[in-house]
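K.L.:
Structure incoming, see below.
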Amino acid sequence: MIHSLFLVNSSGDIFLEKHWKSVVSRSVCDYFFEAQERASEPENVPPVIPTPHHYLISVLRHRIYFVAVIQSEVPPLFVIEFLHRVVDTFQDYFGVCTEAAIKDNVVVVYELLEEMLDNGFPLATESNILKELIKPPTILRTVVNTITGSTNVGEQLPTGQLSVVPWRRTGVKYTNNEAYFDVVEEIDAIIDKSGSTITAEIQGVIDACVKLTGMPDLTLSFMNPRLLDDVSFHPCVRFKRWEAERILSFIPPDGNFRLLSYHVSSQNLVAIPVYVKHNITFREGSSQGRFELTLGPKQTMGKGVEAVLVSSQLPRGVLNTNLNPTQGTYTFDPVTKLLSWDVGKINPQKLPSLKGSMSLQAGASKPDENPTINIQFKIQQSALSGLKVNRLDMYGEKYKPFKGIKYMTKAGKFQVRT
Amino acid sequence: MSTNNLSYNDQGGSDSAVEVGQETTPTSSSNAGAGFGLFSTNFKKNDDLKEMLESNKDSLKLDAMKRIIALIAKGKNASELFPAVVKNVASKNIELKKLVYVYLVRYAEEQQDLALLSISTFQRALKDPNQLIRASALRVLSSIRVPIIVPIMMLAIKEAASDMSPYVRKTSAHAIQKLYSLDPDQKEHLIEVIDKLLKDKSTLVAGSVVMAFEEVCPDRIDLIHKNYRKLCNLLVDVEEWGQVVIISMLTRYARTQFTSPWREVSGGGNSETAFYESDEKKTENEDEKKSYMMDPDHRLLLRNTKPLLQSRNTAVVVSVAQLYWHLAPKHEVGVITKSLVRLLRSHREVQYIVLQNIATMSIQRKGMFEPYMKSFYVRSTDATHIKSLKLEILTSLANEANISTILREFQTYVKSQDKEFAAGTIQAIGRCATNISEVTDTCLQGLVLLLSNRDETVVAESVVVIKKLLQTQPTQHSDIIKHMAKLFDNIAVPMARASILWLMGEYCERVPQIAPDVLRKVAKSFTSEEDIVKLQTVNLAAKLYLTNSKQTKLLTQYILNLGKYDQNYDIRDRTRFIRQLIVPNEKSGALGKYARRILLAPKPAPVLESTYKDRDRYQLGTLSHTINTKASGYLELSDWPAVAPDQSVRNVEVIEPVRIHLYLYCPFPLTIQALHQGSVCVCQCLYHKVSCYFVSVCNASQDCIHNRARFVCLCRVCLCVCVLESSSEVESDEEKSSSQSSEESDKSSSQSEKSSSESDSEQKKKTTKKPPQKKTVKPTAKDRLHGFVPKKCLSRSLCFSLYTHPCPLSCAALLQVSGPAFVPEKSHDLLHRMTGKGLSAQYQFPRQPCLYQPSMVSVQISLTNTSDRPLEQIHIGDRSPTGLNMHCFNTIECLLPEASVTVSLGIDFNDSTQAANFQLCTKEDQFSVSIQPAVGELFLPITMTEQDFRQEQGKRLGMNESSATITMAAANTTSQPISRQVATVANLGVVPSGQDNIHRFAGKTASTGAVVLVTVELRGESTALITINTEKSVMGPMLLRDLKRALAQA
């Protein structure tokens, strides 16, 4: 399946290569570089590139291209999904997935890649299995290892590998038993020029951090499970039970994991928590343009809108801006033409606004399109879809765990067309 | 610059010393990444690595290896260190060893001779008791691409394929592919191994072996038949990567084995899909029922894959989607829509692939995605290829009802700053306009407006699209043509210019004034035009010459002259051709007469089609589909067979599906779904609603007297284990007679029970179809409910390896271990409650082959807390003799007052009656206890024929024989009591005997496997001769003594 993997940084250098079958010369990446050159943006590099003898499938994460070399038919998503899993694993191990981090831990990276694939077919991708095989590098462990000469490599087959619950280690012990669940919803929306919603959907996830001793069996029930009609689960969730009773029943993995993600589609009515009033005009022939933007909360169920960040890609003709924010700070990069305004919290009494003028290139014609405005925000303590967890119960263990649940709404791809 | 070993550890220093010579990025390294660039410049430096590798300190070697790995990672050549590295292959340090493995795999191909030095190490490691070491040895051995070792690899694979550990078996499945790519001649042998592994019941192996199957022998579909149902049933529990592979294999399989669920009329065209959209579902179902019955196996596949649409792995979701697309009846395909749309929130690359698949689907089945149209709206932040795919899908989804919404959306896109995208939108508008006649005019007007756009690409694209649109209805639009003629001066894009020229030529009769003028203009700039424009100019000139030769004769000649001397031979060629065709001269042949008809023939309007139109010839979700060419190794999806091949090939001999509800002492009741002979099988835990693993230690089909059956069940969730025993008679005849179909219906009904919400029409049909069988099955199931009583429940956290493999059961090839003939209820005191401070323990011998190790004897201990406080952390402490090989139970965290728990132990008594002493510990106390086995408990019963028995007996005469004559109690003179008495004393199996007066029993010792043969020969009324033949000269007399006592006494 996967023949080789090359990691390419943003300046086009191959800084790591790994082969699972015969060695493939790194010159195969030339085809990739060609495609990279042709693409105007880094994101525009096509994920699948056919070459005379191989196929290159790449993903771009953290400004690193992970380029897998394939020789024969394989579902492309299989490779893409795996590459993303690799990135996730690196992130899990090193905290960040940057070129520097990978180079610093090149041996661990190599050991990981060796375990994750055998002959190009995934062997162990569950984080808890990998962590038993290869312990993540920590400063303490590095020091201990240098002194004692012990290793980071496990000698026994991880229990998870053979178990029917491969996601959980046996013999987990904690002094404080706790289980936290974060319900995070992201709202994707496109708002029309006139302020009407063109499309809005909610993408929600329940991320969990479970630190419980032994083999706990958890059930999580919802007040309104009917909202969740389009869900994907962590393998630990018992699907039949969900089908029958709409209850999440599972033996959790140890540590952080994503329990489920769900999707509330555009067919349902989605309340948009903020509104934007805008007036952006360019006049023909004039070298000045007007820019006015006001933000306000709407249908937030009494919760404050925080961490608001507005950004917009202004047309190429804009030379500079002269704007006044009523709150927060704004920056404009004259090279990339990126305007960003860090608003902070929206005060419903005194709505934040950004007003002023833009200076345009003299003689340049009026841009066809007004810029789209991207908005980011957060609303604590509320899930926009109205999803509510009813209760969390634990079976199978005797102790009483500490349980916590948190709700949050965030803007996902929230765009306002002007 | 000879850095010695010590200075290397001082990394900062050595780094800065060499950094001068580094070419690329400097490394800020910790222990691992040190010295990236160290050796790239200076080759002598490798000497120092060699030195380190040859030192006798592991830490130095490890450092050296880490630096070498860093070199490999950078793509630097480190092959010259091969001899130094390969020496360390047998290192004790596991990390060092692993790094050496990495190195070896990388360079073995280049250094074949030296690589052979390491082989013996791997061969040794293949026998290691640690499964991880066995597996990794096999991994490396098979990854070394050295042709000489092919036979060794073959042997290793064969051996590993029957390993105890499923992990090792999985590795062997991977090795199959490696060996195949190294030496394709081994194919036949490898297929044998694949066939064997396909029968494996471990979920761990399933994915890997199917992968090997796909790579080595994808055409050997016959290997799948018997395993088809098993694979379908295991699918949910297979790891996600395996799921993808299995699903795609099963898709191909199903296409060859089942008949089409699509209607007979389905020519595969669009007309029929339209029919489906408009038609009501109900009538459709009824129609289908009449003509088509779905194979239950086909249904099984569809049903078992459906839950996987909820997988977090996008590859799994798409592979299920393609399975439904290619296999499901048309009205069921809809279930995949939602899941596919959900994936659109995933990473960019995932979006790309998913959108491509949706694009292909949406052309054939608009209805599926239409409700989700808004999910395909383009955002300004999308990557260009995503944008164009979304556009593609939106265009396919357009119909009369939603076209206005879509066009409004397109209007925004046209203004986009991304001009490539804007151009794409214009083409999309063109497609909408041709497909939906209602909007053609609106679109055309919109496009004409775009002609005044400032951006050239937009204008050019509009011209091209307008040209195509006008062709469909040229009559009404002469003003548009005029407008475009005016634009001609301003447009520089060649394609657009050529399009205008073509339009002028084609419709020159509608714009008689303007066309010659355009020709005049282009004649002036002819030499500087692009080729494509020149060709169209020649074309235009020719057409005008034919229609309006008065005005254009000279112009045409001028252009033809220019064309004659053009640099491009295409143009010269065309010019020559046109000249011959239109200019009358004496040489011009018959064609000249037809010039008008040739050039001005009415041309059919182009059909604007999606580029995804023809992609459905590839299986969805494949690489070939993505790149739209056949990738190497692509396996075609065959067409449905007209007549279904024999269905019975998939039948597996299953003893009988036992479905029993067991309300056990253990917290969660279990249902057993199907029972496979003597091995792991899947049952269902009623509480957790998941499948459990079921280990049958002994079962009714084997020749057990008393028809006793025992099972061990392991719930995969709570991991509770219970031993069940049937107390009443289970008629094995009845079991065999119940048909295969009853198994089917049974399975399906339990399935439907699981997914109660599923209101599947097929399902209903099926239940109504088979009422008779159903009824006959039910009472049996009920009977069995009484038949089985829970015997004992073991600790809930028995080790995972319990369900691994039936291997422990087959110890010696000849001597098949059978179930115990009788299990004494008698339990012995291990720890009295007074001495145990409230903890009391009793033990008994369940007479099962031990699951942990075949050489152990299993012992069940029931622990009871008679005190009034909970006892915590009950476990086993020190044991004596110290070498005592014993498998302890897992620590019991807490035992409440009055509660009791049964745990199982494995003790290797080493074939002696010496007591096993150990300490039973609680959190506070330790109690020394001992288990002394009766000699009879050290055996395992075996089955053999009388002939074999005699043969074996013949080998064990003289020293190995002990015998005694006894007077028997009156009750013991018939065969049944004798058997029972013997079986009570010793765990032996009954050997069928031809004579009434001779009874034979056979067994073997648990630890060494020495055969023990017992013969009881009745002589006269009450005397009997007992003979025991065994090599174990100590155990023989001891057993004899016990037997004497038992037979004489009662």
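K.L.:
Could you run through region A:352-404 and say how many residues are closer than 30 Å to A:Asn320 by Cα and of a type outside the set (A, V, I, L, M)?
P.N.:
Total meeting the criteria: 20.
K.L.:
Here are some residues: A:Thr89, A:Thr51. Which one is without any contact (Cβ under 8 Å) to a residue 60 or more places away in the chain, surrounded by fewer than 20 Cβ atoms within 10 Å (Cβ to Cβ) and either within 10 Å of chain B (Cβ to nearest Cβ) or among the hydroxyl-bearing types (Ser, Thr, Tyr) (or both)?
P.N.:
A:Thr51
K.L.:
To continue, here is another question. Part of a loop (DSSP other than H, G, I, E, B), within 23 Å of B:Leu389 (Cα to Cα), of a type in the set (A, V, I, L, M, F, W, C) and modelled with pLDDT under 95: does that describe A:Val96?
P.N.:
no
K.L.:
Please enumerate the residues belonging to region A:20-59 that are over 20 Å from B:Val318 (Cβ atoms), within 19 Å of the chain's Cα centre (by Cα) and of a type outside the set (Asp, Glu).
P.N.:
Answer for region A:20-59, where residues must be over 20 Å from B:Val318 (Cβ atoms), within 19 Å of the chain's Cα centre (by Cα) and of a type outside the set (Asp, Glu): A:Pro42, A:Asn44.
K.L.:
Considering region A:92-112 alone, what residues qualify as being buried (at least 18 other Cβ atoms within 10 Å of the Cβ), free of Cβ contacts under 8 Å to residues at least 40 places away in the same chain and at the interface with another protein chain (Cβ under 8 Å from one of its Cβ atoms)?
P.N.:
A:Asp104, A:Asn105, A:Val107
K.L.:
While we're on this one: Any idea which residue in region A:215-226 is modelled with the lowest pLDDT, counting only those that are surrounded by fewer than 17 Cβ atoms within 10 Å (Cβ to Cβ) and part of a loop (DSSP other than H, G, I, E, B)?
P.N.:
The selected residue is A:Asn224.
K.L.:
Are any residues in region B:473-490 in a loop (DSSP other than H, G, I, E, B) and modelled with pLDDT under 80, and if so, which ones? Before the answer, list the steps.
P.N.:
First, the residues of region B:473-490 that are in a loop (DSSP other than H, G, I, E, B): B:473-474, B:488-490.
Answer for region B:473-490, where residues must be in a loop (DSSP other than H, G, I, E, B) and modelled with pLDDT under 80: B:Gln473, B:Pro474, B:Asn490.
K.L.:
With (1) within 27 Å of A:Cys236 (Cβ to Cβ); (2) buried (at least 22 other Cβ atoms within 10 Å of the Cβ); (3) touching a residue at least 60 places away in the same chain (Cβ under 8 Å) as the list, and A:Pro122 as the residue in question, which single condition is left unmet?
P.N.:
(3)
K.L.:
Which of the residues belonging to region B:349-366 are at pLDDT 90 or above and of a type outside the set (S, T, N, Q)?
P.N.:
Once the filter is applied, which keeps residues that are at pLDDT 90 or above and of a type outside the set (S, T, N, Q), region B:349-366 yields B:Glu349, B:Val350, B:Tyr352, B:Ile353, B:Val354, B:Leu355, B:Ile358, B:Ala359, B:Met361.
K.L.:
Further question: Of all the helices (runs of 4 or more DSSP H) wholly in region B:102-221, which have at least 1 residues that are surrounded by 19 or more Cβ atoms within 10 Å (Cβ to Cβ) and touching a residue at least 40 places away in the same chain (Cβ under 8 Å)?
P.N.:
Because the criterion is at least 1 residues that are surrounded by 19 or more Cβ atoms within 10 Å (Cβ to Cβ) and touching a residue at least 40 places away in the same chain (Cβ under 8 Å), the helices (runs of 4 or more DSSP H) in region B:102-221 that meet it are B:166-182, B:203-216.
K.L.:
Test B:Ala64 against the criterion of being buried (at least 22 other Cβ atoms within 10 Å of the Cβ), more than 7 Å from chain A (Cβ to nearest Cβ) and either among the small types (Gly, Ala, Ser) or in contact with a strand residue (DSSP E or B) (Cβ under 9 Å, 6 or more places away or on another chain) (or both), and give yes or no.
P.N.:
For B:Ala64, the condition - buried (at least 22 other Cβ atoms within 10 Å of the Cβ), more than 7 Å from chain A (Cβ to nearest Cβ) and either among the small types (Gly, Ala, Ser) or in contact with a strand residue (DSSP E or B) (Cβ under 9 Å, 6 or more places away or on another chain) (or both) - is met.
K.L.:
All but one of (1) at pLDDT 50 or above; (2) over 23 Å from B:Val341 (Cβ atoms); (3) in a helix (DSSP H, G or I) hold for B:Asp287, so report the exception by its number.
P.N.:
Checking B:Asp287 against (1) at pLDDT 50 or above; (2) over 23 Å from B:Val341 (Cβ atoms); (3) in a helix (DSSP H, G or I), the one that fails is (1).
K.L.:
Go over the candidates B:Val316, B:Val354, B:Val350, B:Val320 one by one and state the one that is among the aliphatic types (A, V, I, L, M), more than 18 Å from A:Val264 (Cβ to Cβ), surrounded by 23 or more Cβ atoms within 10 Å (Cβ to Cβ) and facing chain A (nearest Cβ under 7 Å).
P.N.:
After applying the criteria, what remains is B:Val350.
K.L.:
Also, quick follow-up: Looking at (1) under 30 Å from A:Thr418 (Cβ atoms); (2) at pLDDT below 85; (3) within 12 Å of chain B (Cβ to nearest Cβ), can you tell me which one A:Asp229 breaks?
P.N.:
(1)
K.L.:
Do you know which residues across region B:605-633 are within 9 Å of another protein chain (Cβ to nearest Cβ) and hydrophobic (A, V, I, L, M, F, W, C)?
P.N.:
B:Leu623, B:Ile627, B:Ala631
K.L.:
Continuing with the same structure: What single numbered condition from (1) more than 45 Å from the chain's Cα centre (by Cα); (2) under 30 Å from B:Ser1033 (Cβ atoms) fails to hold for B:Asn865?
P.N.:
It is condition (2) that B:Asn865 fails.
K.L.:
Then there is this: Contact list please: Cβ distance under 6 Å, first residue in region A:318-330 and part of a strand (DSSP E or B), second residue among the acidic types (Asp, Glu), pairs at least six apart or on different chains.
P.N.:
Every condition considered, the pairs that remain are A:Thr329/A:Asp342.
K.L.:
Can I ask one more? Only residues that are assigned to a strand (DSSP E or B) and surrounded by fewer than 20 Cβ atoms within 10 Å (Cβ to Cβ): list them for region B:865-891, please. Give the steps one after another, and end with the answer.
P.N.:
So in region B:865-891, the residues assigned to a strand (DSSP E or B) come out as B:865, B:871-880, B:885-887.
Selection gives B:Glu872, B:Gln873, B:His875, B:Ile876, B:Gly877, B:Asp878, B:Arg879, B:Ser880, B:Asn885, B:Met886, B:His887.
K.L.:
Tally the residues that are crowded, with 20+ Cβ neighbours inside 10 Å, out of contact with any Asp or Glu (no Cβ under 8 Å at 6 or more places or on another chain) and more than 9 Å from every other protein chain (Cβ to nearest Cβ), restricting the search to region B:358-372.
P.N.:
Within region B:358-372, residues that are crowded, with 20+ Cβ neighbours inside 10 Å, out of contact with any Asp or Glu (no Cβ under 8 Å at 6 or more places or on another chain) and more than 9 Å from every other protein chain (Cβ to nearest Cβ) number 5.
K.L.:
Can you tell me which residue among A:Ser312, A:Ser385 is under 28 Å from the mean Cα position of the chain (by Cα) and within 14 Å of chain B (Cβ to nearest Cβ)?
P.N.:
The match here is A:Ser312.
K.L.:
Residue under question is A:Phe291, and the condition is that it be closer than 21 Å to A:Val308 by Cβ and aromatic (Phe, Trp, Tyr); does it hold?
P.N.:
The answer is yes for A:Phe291.
K.L.:
Something else now. With within 7 Å of chain B (Cβ to nearest Cβ), under 18 Å from the mean Cα position of the chain (by Cα), closer than 24 Å to B:Gly242 by Cβ and at pLDDT 90 or above as the only criterion, which of A:Leu77, A:Leu83 stands out?
P.N.:
Values: A:Leu83 fails: within 7 Å of chain B (Cβ to nearest Cβ).
Just one listed residue meets the conditions, A:Leu77.
K.L.:
Any idea which of (1) touching a helix residue (DSSP H, G or I) at 6+ places or on another chain (Cβ under 7 Å); (2) more than 11 Å from chain A (Cβ to nearest Cβ); (3) over 23 Å from B:Asn357 (Cβ atoms) is the one B:Ala398 doesn't satisfy?
P.N.:
(3)
K.L.:
Let me spell it out: the conditions are (1) of a type in the set (A, V, I, L, M); (2) part of a strand (DSSP E or B); (3) more than 26 Å from B:Glu456 (Cα to Cα), and A:Ile346 meets all of them except one. Which number is the exception?
P.N.:
The one condition A:Ile346 does not meet is (2).
K.L.:
With respect to B:Lys415, determine if the residue is within 12 Å of another protein chain (Cβ to nearest Cβ) and at pLDDT 90 or above.
P.N.:
Against the criterion (within 12 Å of another protein chain (Cβ to nearest Cβ) and at pLDDT 90 or above), B:Lys415 does not qualify.
The values are calculated or read from the model by the stated rules, or taken from the named source; none is laboratory data. From a predicted model like this one, the values you see are computed outputs, not experimental measurements. Cβ atoms come from the backbone with ideal geometry, glycine included; neighbour counts cover every protein chain shown.
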